[in-house]
Amino acid sequence: MDFEKVIDRNKTNSMKWDFVSERYGSSDLWPMWVADMDFQAPQPVLDAMQKVLDHGIFGYHRRPASLREATTSWIQKRFDWTLSNDQLVFTPGVVPAISHLIQTFTEKGDGIIIQPPVYYPFYALIDNNERKLLRNPLKETENGFTVDLEDLEKQMQAGAKMLLLCSPHNPIGRVWKQEELEAVADLCEKYDVFVVSDEIHADLVLEGKHIPFSKAAAEKNIEVITCMAPSKTFNLAALQLSYVVFEKKASQKKYEAHLKRQFVEIDNPFATVAAEAAYREGEEWLENLLDYVRGNVKFVKQYIETNMPEMKVIEPEGTYLVWVDMSGLNMEASKLQSWLREEGKLALSDGHIFGEEGAGFARINVACPRNNVEEGLSRLQKAYNNR
Ligand SMILES: Cc1ncc(COP(=O)(O)O)c(C=O)c1O
């Protein structure tokens, strides 16, 4: 568990490192963008995958009952949320799962609410499926960002069918509190809106406690469908394993029938053993990771506050993503974007891609050795000083 160890990811077909030029137009940028980590997965995961590799046969594969059991035990332990093993439907990734959920439970033209600034593929999921985008921007209060309930009610009155929740929230790093989730659930009940809750970052809580929306809303008469995965938690994104948790059997059957029609049914043996080993034996690794990420977040906050006072760090309660307010630099979104690239030599996630509310912000991924964080920040400071 040496999170300080720098492992070269160049020339490994890494999206973050090797495809920076394709995405950002230049190869000499320091990559702190896409949400994966520059750390190796826990040793038990590597050992389990090695065993599959040594066996050497990669024919058609099915997910075993033991994976379901490991998953529900993890969820019970981490979130005190009791699920039965047959409530889970495995899908390759959370984004494809959400797309399939939209196709299964909504019709063309139906309204879907999102809460920008938010994980940008949400826009494409709604747009590509020809659903209507309803925006409920988060509001900034003196205590940080929260849900604008008044506006949420307006969006529901405008005819929303579904709310696509991001919990914990990417990119602002909020870990929603029971009261906030309940207030949202009250409105969903009042306007008969069902919720797809993307909880992919649920394990990555730095402060507070993740409460599954389904659990927070248990007393309400609403339907909640939850998407989770071990991919962000243990750095397994490329293995493409996620799962959807259903509360209602009828909905689950409908979704399974949809997947069957699309032939989404081939499983990957590496993903199976990796996920199972992570859930059974990865907890200590995760606790150490969270401590390390907390240290990186603190480091970023202090560094920016001390050296770049015109920027403001929005301290995340969850995720390893730090949302930085650079509006004090008084640059238009496109100018800020080119300044970060051309002067900062940095590949960060530009705030405006998460929605217009993100203009003037940038998201910095700090799931990397401290040395790599320092390199990124010193580039930023150099550009800041030379402005
Ligand atoms: C909120 C959220 N949902 C989904 C994903 C991606 O999920 P997957 O790779 O399983 O499709 C991410 C990755 O950054 C994310 O932040």
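The values are calculated or read from the model by the stated rules, or taken from the named source; none is laboratory data. Note that the coordinates shown come from a computational prediction; the quantities given were computed from them, not determined experimentally. Here the Cβ positions follow ideal geometry from the backbone for every residue, glycine too, while neighbour counts run over all protein chains shown.
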Could you figure out which of (1) of a type in the set (A, V, I, L, M); (2) within 13 Å of the ligand (Cβ to nearest atom); (3) surrounded by 22 or more Cβ atoms within 10 Å (Cβ to Cβ); (4) over 27 Å from Thr106 (Cβ atoms) isn't true of Ala278?
(2)
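Per-residue answers, yes or no, for (1) aliphatic (A, V, I, L, M); (2) within 16 Å of the ligand (Cβ to nearest atom); (3) surrounded by 17 or more Cβ atoms within 10 Å (Cβ to Cβ); (4) assigned by TED's automatic domain parsing to the domain that holds Val195:
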residue: Leu241; (1), (2), (3), (4): yes, yes, yes, yes
residue: Val244; (1), (2), (3), (4): yes, yes, yes, yes
residue: Lys249; (1), (2), (3), (4): no, no, no, yes
residue: Ala271; (1), (2), (3), (4): yes, yes, yes, yes
residue: Ile304; (1), (2), (3), (4): yes, no, yes, no
Show the residue pairs meeting these rules: Cβ distance below 7 Å; 6+ apart or different chains; first residue within segment 11-40 and on the phi > 0 side of the Ramachandran plot; second residue away from the ligand (no atom under 16 Å from the Cβ).
Lys11/Asp18
If a residue has to be part of a helix (DSSP H, G or I) and crowded, with 22+ Cβ neighbours inside 10 Å to count, how many in segment 28-47 make the cut?
1
Just checking, how many residues over segment 187-222 are surrounded by fewer than 16 Cβ atoms within 10 Å (Cβ to Cβ) and farther than 30 Å from Leu290 by Cα?
5
Sole residue being more than 17 Å from the chain's Cα centre (by Cα), touching a residue at least 24 places away in the same chain (Cβ under 8 Å) and not in a loop (DSSP other than H, G, I, E, B), chosen from Lys220, Lys190, Lys232
Lys190
Filter result (out of contact with any helix residue (DSSP H, G or I) (no Cβ under 8 Å at 6 or more places or on another chain) and within 12 Å of the ligand (Cβ to nearest atom)) within segment 216-238:
Lys232, Asn235, Ala238
Complete set of residues in segment 240-255 that are in contact with a helix residue (DSSP H, G or I) (Cβ under 6 Å, 6 or more places away or on another chain) and of a type in the set (Phe, Trp, Tyr)
Phe246, Tyr255
Which condition breaks for Ser197 when tested against (1) of a type in the set (Gly, Ala, Ser); (2) more than 15 Å from the ligand (Cβ to nearest atom); (3) in contact with a Cys (Cβ under 8 Å, 6 or more places away or on another chain)?
(2)
Output the residues belonging to segment 148-166 that are part of a loop (DSSP other than H, G, I, E, B) and either within 16 Å of the ligand (Cβ to nearest atom) or exposed (fewer than 13 other Cβ atoms within 10 Å of the Cβ) (or both).
Ala158
Can you confirm whether Phe145 is more than 15 Å from Met228 (Cα to Cα), part of a strand (DSSP E or B) and within 16 Å of the ligand (Cβ to nearest atom)?
yes
